[in-house]
Amino acid sequence: MSRLPKGTRTLGGVEAERVERCRRTFFETFSAYGYIPFYAPGLQLLESAWDKFPPRFRKRLIPVYTPSSEACCLRADMTLAAVAYLSTHYSPQERPLRLCYAGPLYRAPIPPETDFERIQFGAELLGWEGEGADVEVTALLLRSLRQLGIHSPVVVLGHAGFLREAMSGVERAVAASLMRALLERRYDAYFSSLDDFHLQKAVKKRLLSIPRLRGNAAKTLEEARALFGETGPLRDLELIVQALGELGLGENLRLDLALARELEYYSGPVFEIFSGNAGVSLGGGGRYDGLLEQYGIVGQALGFGLDLRAVASLSREEGAIPAVAWCGGLSPRVALERADDFIASGYRVELSWQERREGAIRLAQTRGYGWWIDLPACTAYELDPGRKEGP
Amino acid sequence: MFTLCLPTGRVLEDAIEVLQELDIPTGRLKERGRSLVIQEEGFRFLLAKPMDVPVYVHYGIADLALAGSDVIWETGASLVELRDTGRGACRIVLAGPKKVASLFLGHESRVMGLRVATKYPRIAEEYFAERGIQVEFVHLNGSIEMAPRLGLSDCIVDIVQTGSTLRANALSVIAEIAPVSLKFVSSRKSLQLAWNAIEEIIGKFASSKKAGDGNDKAL
């Protein structure tokens, strides 16, 4: 018996096909806009990563030693690798840099999840300022999802700077306690903390409002302005909302001004994407200027990561029509040329070199193919799963 | 259809009372018989074992749920904790016979290696680990109170409401670990995609609490 390590899985068949189709769609969309594919090692040195991760996240790292006895963890995050790559391979004059990647990431699961391995697609835009970058990344991401037949994903936008500004007048320990509650989405604890600490009435009123500042973008911005006035983060969000609206993506947007991401290096607009039945997000990302600073780079950066299996499970995009193509005694050259014609007209063919026509049909039916192609006759037949005889 | 998941067992009545206070129809819930999925006026109620409630929420089956804070802590599920209802109140405690209780008054070296019976292994482990006390755990699924009496463990970590079961088994509270009550929880997806419905329910609850205690919490 071949057993897999707990928390891992083999992907095959239709699921693997879907994941691959999603990976290709994302790569094609982003590489058309100058995003360069990027492959990072499967391990990251603990000495480089440790202080970049918050304590909660460190507990989810999976440590290993290399054959050279270097303490590492299985790659848990791709952004660090992207920033390190930028800082060492590109001069400031060559920025901005656009990267995209797909590969496995490893984090100890949060119950009731059991998998510690996930396949992630992500993109990073490093070294550019302004909301144009936020709009570019979000729009390309939504376009990719639409191409995959996911028409109603919801992008929830927040702003790390909004929360920091909202708590700027609050004692550091109190602010830390409130931020932790928001990060862990323990709103009851957030309210209790506000009760426990002595705060000015006006400040308390504003802080109490934060967890309900969510939903429709225009309405939420209006409510936030009434409470907090015109602030930089609210202006950032408005510009992003406006630009995405002009691109016809307004229906996909919501605001959540209490949104805080697990990795604390986010510093500007942040977002999460939701769709389908699962209770968790498909992924998310945001702006992380602070992380660049740690690598000695001045400027802004943003990126996102998406769970490819979760996206693939929602994907409704129909790819090429899968079919078995019977060569029927044709020479390999002629068979391949005729198969090329069918591929060009939207089929994905598996060649059958069997001598007997019936054998090729049976193989197609056994393997669950919906179509069978007679290459000598240059004809495609739809296989009726209910019928025993061939076309 | 808005789906609410409720825990079965002793806290179900508390949960139904909370729903009644919010004018959520509960007629069919009260006459549920053996049904575990009940529909009434735009609401679908799922009745699940308390420890399973976070799972239904996490996977997006339920939009909103009432779950005990003990269960939320023990399962470690990543949920959105919206409001504490204050209902179904009890405590998670460390309890044991008097002889064992006296050991905890002295240096921690005296309690190293004790055997602790519990149905909350995660909570118990965190409690002792934070104090640097190394103990052995026995994971039981019920009737925890009889473990010390039968020599299966030295003490227990369990929930206590009135304390009468503890007394009946010659146990006393050594330490309070955490208060327990029913909380409104949702998944991160529901928080964003079903926010209007959630806000209406939680908002009503906040208003009724505000009327009761003068608090001005909005969510």
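No lab work stands behind these numbers, since they all come straight from the coordinates. Only a predicted model underlies this, so the values are computations on that prediction, with no experimental measurement involved. Counting neighbours? That spans all protein chains shown, and the Cβs are built from the backbone with ideal geometry, glycine included.
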Nearest 10, in degrees from 0 to 90: the angle of helix A:332-344 to the longest Cα principal axis of chain A is 40 degrees
Of the residues B:Ile24, B:Met112, B:Pro148, the Cα lying farthest along the dipole of chain B towards its positive end, which is defined by charges on the beta carbon of Lys, Arg, Asp and Glu, belongs to B:Pro148
Counting only residues 5 or more apart in sequence or on a different chain, those whose built amide H sits under 5 Å from that of B:Val180 are B:Cys90, B:Arg91, B:Ile92
Taking chain A and counting helices only, DSSP H stretches of n ≥ 4 at -39,500 (n - 2.57) each over all residues, the nearest-500 ellipticity at 222 nm comes to -12000 deg cm²/dmol
When the charge dipole of segment A:13-314 is computed with +1 at the Cβ of Lys and Arg and -1 at the Cβ of Asp and Glu, the Cα pointing farthest to the positive end, of A:Pro112, A:Pro67, A:Ala260, is that of A:Pro112
Low-density loop chymotrypsin sites (Phe, Trp or Tyr not before Pro), segment A:191-279, at most 16 other Cβ within 10 Å, DSSP non-H/G/I/E/B, are A:Phe197
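When Cβ neighbours within 10 Å are restricted to other protein chains, what is their mean count per residue of peptide A:179-191?
5
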Per its Cα gyration tensor (rounded if a/c is under 1.5, else prolate when a/b beats b/c, else oblate), segment A:36-174 is best filed as rounded
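What number, in percent, do you get for the relative contact order of segment A:44-158 if the mean sequence gap of Cα pairs under 8 Å and at least 6 apart is divided by its residue count?
20 percent
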Between A:Ser152 and B:Arg149, Cβ-based FRET efficiency (R0 56 Å, step 0.05) works out to 0.45
Taking the reciprocal of mean 1/r across every pair of different Cα atoms in segment A:89-143, the Kirkwood radius in Å is 13.7 Å
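Nearest 5 is fine: what % of DSSP beta bridges in the protein assembly as shown come out antiparallel, could you say?
70 percent
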Between the alpha carbon centres of segment B:1-22 and segment A:198-243 the gap in Å comes to 33 Å
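Residue by residue through B:184-195, how many Cβ atoms from other chains fall within 10 Å of the Cβ on average?
Details: counts 2, 4, 3, 6, 11, 12, 2, 10, 13, 6, 0, 7.
Neighbouring Cβ atoms belonging to other protein chains average 6 per residue here.
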The size of the Cβ-based charge dipole (Lys, Arg +1; Asp, Glu -1) of segment A:105-161 about the Cα centre, to the nearest 20 debye, is 240 debye
Over the Cα atoms of segment A:216-289 the radius of gyration and the largest Cα-Cα distance (Dmax), both in Å, equal 12.9, 37
Of all DSSP beta bridges having both residues in segment A:235-391, the percent classed as antiparallel (nearest 5) is 55 percent
With +1 at each Lys and Arg Cβ and -1 at each Asp and Glu Cβ, the charge dipole magnitude of segment A:321-382 around its Cα centre, to the nearest 20 debye, comes out at 160 debye
Helix A:131-147 sits off the longest principal axis of the Cα atoms of chain A, rounded to the nearest 10 on a 0 to 90 degree scale, by 30 degrees
Surrounding charge for B:Ser78, neighbours by C-beta under 9 angstrom, Lys/Arg +1, Asp/Glu -1, total 0
Check: C-alpha center segment B:194-209 vs C-alpha center segment B:67-93, spacing in Å is 18 Å
For A:Leu249, the net charge from surrounding residues (Cβ-Cβ under 11 Å; K, R +1; D, E -1) works out to 0
Taking Cα pairs closer than 8 Å and at least 6 residues apart, the relative contact order of chain A in percent is 17 percent
Any GluC sites (Glu not before Pro) in segment A:14-113 that lie in a DSSP loop and have at most 13 other Cβ atoms within 10 Å would be A:Glu70
Using the Kirkwood formula on alpha carbons, the hydrodynamic radius of segment A:193-327 in angstrom works out to 18.0 Å
Mean Cβ-within-10 Å packing, highest first, puts peptides A:318-329, A:73-84 in the order A:73-84, A:318-329
To the nearest 20 debye, the protein assembly as shown has a Cα-centred charge dipole, built from +1 on Lys and Arg Cβ and -1 on Asp and Glu Cβ, of 1360 debye
Sparse-neighbourhood loop hits (GluC sites (Glu not before Pro), segment A:186-280; DSSP loop; Cβ within 10 Å at most 10 others) -> A:Glu230
The distance between the Cα centres of segment A:308-364 and segment B:100-137, in whole Å, is 64 Å
By the mean-Cβ-within-10 Å protection proxy, highest first, A:358-370, B:69-81, A:57-69 rank as B:69-81, A:358-370, A:57-69
Those helices of chain B passing the 15 Å axial Cα length cut-off and the mean Kyte-Doolittle cut-off of -1.0 (DSSP H runs only) are B:195-213
Taking Cα atoms only, helix A:357-366 is inclined relative to the longest principal axis of chain A by an angle, in degrees rounded to 10, of 20 degrees
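How much FRET efficiency would the formula 1/(1 + (r/R0)^6) give for A:Glu358 and A:Asp115, where r is the Cβ-Cβ distance and R0 is 30 Å, rounded to 0.05?
0.10
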Charge dipole of chain A built from unit charges on the beta carbon (Lys, Arg +1; Asp, Glu -1), centred at mean Cα; most positive-end Cα among A:Phe342, A:Leu244, A:Gly7 is A:Gly7
Residues whose built amide H sits under 5 Å from the amide H of B:Asp154, excluding neighbours closer than 5 in sequence, are B:Arg115, B:Val116, B:Ala117
In terms of the alpha carbon gyration tensor, root eigenvalues a ≥ b ≥ c, rounded if a/c is under 1.5 and otherwise prolate when a/b exceeds b/c or oblate, segment B:57-193 is prolate
Under the rule rounded for a/c under 1.5, else prolate if a/b exceeds b/c, else oblate, using alpha carbon gyration tensor axes a ≥ b ≥ c, segment A:321-382 is classed as oblate
